[in-house]
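Participant: Please find one structure pasted underneath; my questions will follow.
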Amino acid sequence: MRHWPLAEVGVVIGLALILLVPLLRVTGQPAQRPNNPPPASSAVEVGDMTPCFVTIRSPHPLASVALANNGETIFRSEEAATRLEVDLAFDLSERHLELGILATWEAGSPESAIEVVLEPDAMDGRSVTLWGQEALDDIARFTWP
Amino acid sequence: MSRFLFLLIALGALATSSVAAPIEVTALHPILGDLAREVGGDQVVVRDLLAKGSDPHGFTPTATDLASLKQSKVVLASGKGLESYLPKVRAATQGRVVEVGRRIPSITVSAESPLFLCCPKHAQGAIDPHWWHSPKNMGRAARVVADAFAEADPSGKADYRRRAQNVAKRMSALDKFTQKQVAAIPMRDRKLVTAHLAFGYFCKDYGFKAIGLQGLTPQQKPTAKDLAEAVATVKKEKIRVAFPEHLANPQMLQSLARETGLKFGRPLLADNLSAEVSTYEAMMRHNVDVIVSGYQGVK
């Protein structure tokens, strides 16, 4: 007479319980909903601040770069890169922006340039190119009509 | 017994791996659907609500269409007023709609704008919804789509961003290609006569001035006064070629051609992709080829 396969049944139930955990994770989560869209306006603003995608480029690797607005550092990187991208937000209610740019290149780099491109939500993009050798401390000015 | 055990353990390991299911996306326009597939890769399943070759200006979703939106985690709309039915979509999806064009800079139709040589009065002051006719805008749109996908699926954020950057690079290359192609047309000849005002963003990027007989949609009819003004402008500016569109009735342009002697180029794709031209990039290259060869044909 065959014995009741208690050991095998136990293994199967145990493994079924292990399978249950990831299945619950996949099917049991409530649907993630994006935030309600902000009210329509000529520029997409959060309060007085307009979200802005910023690209910083240089033909030679930057050793460091920092952006400042209204005396406050708003972005800093010490990653050796020829291209950096960051999401920031600015008050563009006056259709004008000044950004302080502090940048360094590696010692021995030739004269180089740094281009700062701003793409504010719902507004035309603007770019400014500044030149420096090994270090740069300057102001980039952007205006919109 | 040991083989059976091994099989069960292997199945368990497979199930515990953390591969997320693709997110369901509905695009209200095939150009957005194309963009969504490029940015989402195999992490999204995209459905186009509007078929290729259909007119988005005249489209109204059925009750079945609206009900089918409930299963989508992300709904991508073009925005800028293109989809007059958007409130119904918002209600059906409880607000889960991303208006991609909202974050793109707008063009307003205005007789005072250097972009427009003449335009029907009923289009004055309206926002041009055809933002996709600029590869630069599509590069920005790729980021908007990536952000929308990342909000629905935070674990895929890096992948969506990386693919959006790749799209932006391709759009930059497409922009440069277009600049080089249209350089064959002298600036004084860059006046684009089309059935409706669908190419404002193209005109802005590439130094053209737009004349669209029918306003912002192909359904709008010009008045006799609008037609007379268009005839006067074509004659004054010495324009020699006009471009019909795949989805627009050519009758209005034919009336203009009878009065002015305009020749016709091949049809442009203004509002949608087609079965033969099924991606955004192919659409832009098709339109650039049509415009450049149209002008060269009347030199």
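Participant: What is the sum of charges, Lys and Arg at +1 and Asp and Glu at -1, for the other residues whose Cβ falls under 14 Å from the Cβ of B:Thr178?
Facilitator: Summing Lys/Arg as +1 and Asp/Glu as -1 gives +3.
Participant: Arranged from highest to lowest average of other beta-carbon atoms within 10 Å per residue, in what order do the peptides B:146-159, B:99-112, A:119-132 appear?
Facilitator: Put in order of decreasing packing, that is B:99-112, B:146-159, A:119-132.
Participant: Mind listing the long-range amide H neighbours of B:Glu99? Cut-off is under 5 Å, sequence gap 5 or more, other chains count too, H placed in the peptide plane at 1.01 Å from N.
Facilitator: Placed amide hydrogens put B:Ala77 under 5 Å from B:Glu99.
Participant: Ok, one more. Rank B:Leu213, A:Val9, A:Pro110 by how far each Cα sits towards the positive end of the charge dipole of the protein assembly as shown (+1 on Lys, Arg Cβ; -1 on Asp, Glu Cβ) and give me just the farthest.
Facilitator: Value computed over the given set: B:Leu213.
Participant: If you take each beta carbon of peptide B:97-108 and count the beta carbons of other chains within 10 angstrom, what is the mean?
Facilitator: Neighbouring Cβ atoms belonging to other protein chains average 4 per residue here.
Participant: Could you tell me which GluC sites (Glu not before Pro) in the stretch A:109-145 are loop residues by DSSP with no more than 10 other beta carbons within 10 angstrom of their beta carbon?
Facilitator: Filter output for the stretch A:109-145: A:Glu111.
Participant: What average count of beta carbons from other chains do you get within 10 Å of the Cβ of residues in B:136-145?
Facilitator: Partner-chain Cβ atoms within 10 Å, mean over residues of B:136-145: 2.
Participant: Suppose all protein chains stay in the model; what accessible area per residue would a 1.4 Å probe give for the stretch B:143-299, in Å²?
Facilitator: That works out to 44 Å² per residue.
Participant: Return the average number of partner chain Cβ atoms within 10 angstrom of each residue Cβ along peptide A:119-125.
Facilitator: If you average over the peptide's residues, the count of other-chain Cβ atoms is 5.
Participant: Still on this structure, please answer the following. Of the listed peptides B:245-256, B:25-36, what is their order by residue-averaged count of other C-beta atoms within 10 Å, with the highest listed first?
Facilitator: Output ranking for B:245-256, B:25-36: B:25-36, B:245-256.
Participant: Take the alpha-carbon centre of the stretch B:153-208, take the same for the stretch B:246-299, and report the distance between them in whole Å.
Facilitator: 17
Participant: Quick one, can you get me the convex hull of the C-alpha atoms of the stretch B:93-194 expressed as volume per residue in Å³?
Facilitator: Enclosed volume per residue, from the Cα hull, is 120 Å³.
Participant: Taking K and R as +1 and D and E as -1, what net charge do the other residues with C-beta under 10 Å from the C-beta of A:Leu130 add up to?
Facilitator: -3
Participant: Going by average Cβ neighbours within 10 Å, how do the peptides A:99-107, B:172-180 rank, with the highest at the top?
Facilitator: A:99-107, B:172-180
Participant: Okay, moving on. Residues with beta-carbon under 13 Å from that of B:Glu229, excluding B:Glu229: net charge, scoring Lys, Arg +1 and Asp, Glu -1?
Facilitator: +1
The values are calculated or read from the model by the stated rules, or taken from the named source; none is laboratory data. Everything quoted here is computed from the prediction, not taken from an experiment. Every residue, glycine as well, gets a Cβ built from its backbone with ideal geometry; the counts of neighbours run over all protein chains shown. The protein model used for the area step is the full one, side chains on, heavy atoms only, and it has no ligands, DNA or RNA in it. Shrake-Rupley method; radii C 1.70, N 1.55, O 1.52, S 1.80 Å.
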